[in-house]
1. I'm trying to understand the selection: among the residues of segment 83-127, which are among the aromatic types (Phe, Trp, Tyr), in contact with a helix residue (DSSP H, G or I) (Cβ under 9 Å, 6 or more places away or on another chain), within 27 Å of residue 41 (Cα to Cα) and surrounded by fewer than 17 Cβ atoms within 10 Å (Cβ to Cβ)?
2. Among (1) of a type outside the set (S, T, N, Q); (2) in contact (Cβ under 8 Å) with a residue 40 or more places away in the chain; (3) out of contact with any helix residue (DSSP H, G or I) (no Cβ under 8 Å at 6 or more places or on another chain), which single condition is residue 8 missing?
3. Of the residues 12, 92, which single one is over 19 Å from residue 121 (Cα atoms), of a type in the set (Ser, Thr, Tyr) and touching a Gly at 6+ places or on another chain (Cβ under 7 Å)?
4. Tell me which helices (runs of 4 or more DSSP H) are completely within segment 12-80 and hold 2 or more residues being touching a Leu at 6+ places or on another chain (Cβ under 7 Å), surrounded by 20 or more Cβ atoms within 10 Å (Cβ to Cβ) and aliphatic (A, V, I, L, M), or say none if there are none.
5. Within segment 85-107, is there a residue that is assigned to a helix (DSSP H, G or I) and over 22 Å from residue 22 (Cβ atoms)?
Amino acid sequence: MARPMDLRRIATSEIIAAVGGLLLAVGIFLPWYSPNQDNANANVNGVRDAVSAFDAHSILRWLLLLAALAPIILLWIVIRDHELSWPRGEMTAVVGIIAFGLTAYVGLIDRPGEPPSQISLGIGWYLSFLGTILIAAGGATRASTSERPRKPPGVL
């Protein structure tokens, strides 16, 4: 039997995570990398103009878009009051932390383009990075307010 939807179940932490998911999703399509126009050799994947994450990363773009869906799924779980075997928000927090690590890696450690020192970060990267932080924080806050189901001793 389907449970009725109740929007009153949504807490601030879920809204924060959902805003983070929206920022991450929008940021993927905005410029992430901008080659230095003063250097004729600076380019990202052969392009001398600003490039979005969707254009620069063939696999990561899909992973980040999936990560942006995690808070929406959390909202669905909370609104429908689904039973889970783990605290609500815990998986969203994990997905947010993974997205944070991936975004930080491709922005701070291993930027695409040649030469990497001539590639600057654009507004899309900063929005996406902030989005991953909000997803992780909102999910973790929600998970901390959920009580973990207790099991009898000796049960895995």
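1. Step one: filter segment 83-127 for residues among the aromatic types (Phe, Trp, Tyr), giving 86, 100, 105, 125-126.
If we keep only those that are in contact with a helix residue (DSSP H, G or I) (Cβ under 9 Å, 6 or more places away or on another chain) as well, we get 86, 100, 125-126.
With within 27 Å of residue 41 (Cα to Cα) added as a condition, the list becomes 125-126.
The answer is 126, and nothing else.
2. In the conditions (1) of a type outside the set (S, T, N, Q); (2) in contact (Cβ under 8 Å) with a residue 40 or more places away in the chain; (3) out of contact with any helix residue (DSSP H, G or I) (no Cβ under 8 Å at 6 or more places or on another chain), residue 8 misses (2) alone.
3. On the way: 12 fails: touching a Gly at 6+ places or on another chain (Cβ under 7 Å).
Being over 19 Å from residue 121 (Cα atoms), of a type in the set (Ser, Thr, Tyr) and touching a Gly at 6+ places or on another chain (Cβ under 7 Å) holds for just one of 12, 92, which is 92.
4. 12-28, 60-80
5. yes
Laboratory data are not the source of any read-out in this text; all were calculated from the coordinates shown. Remember, predicted model here, so these are calculated numbers, not experimental data. Glycine also receives a Cβ, built like all others from the backbone with ideal geometry; neighbour counts cover every protein chain displayed.
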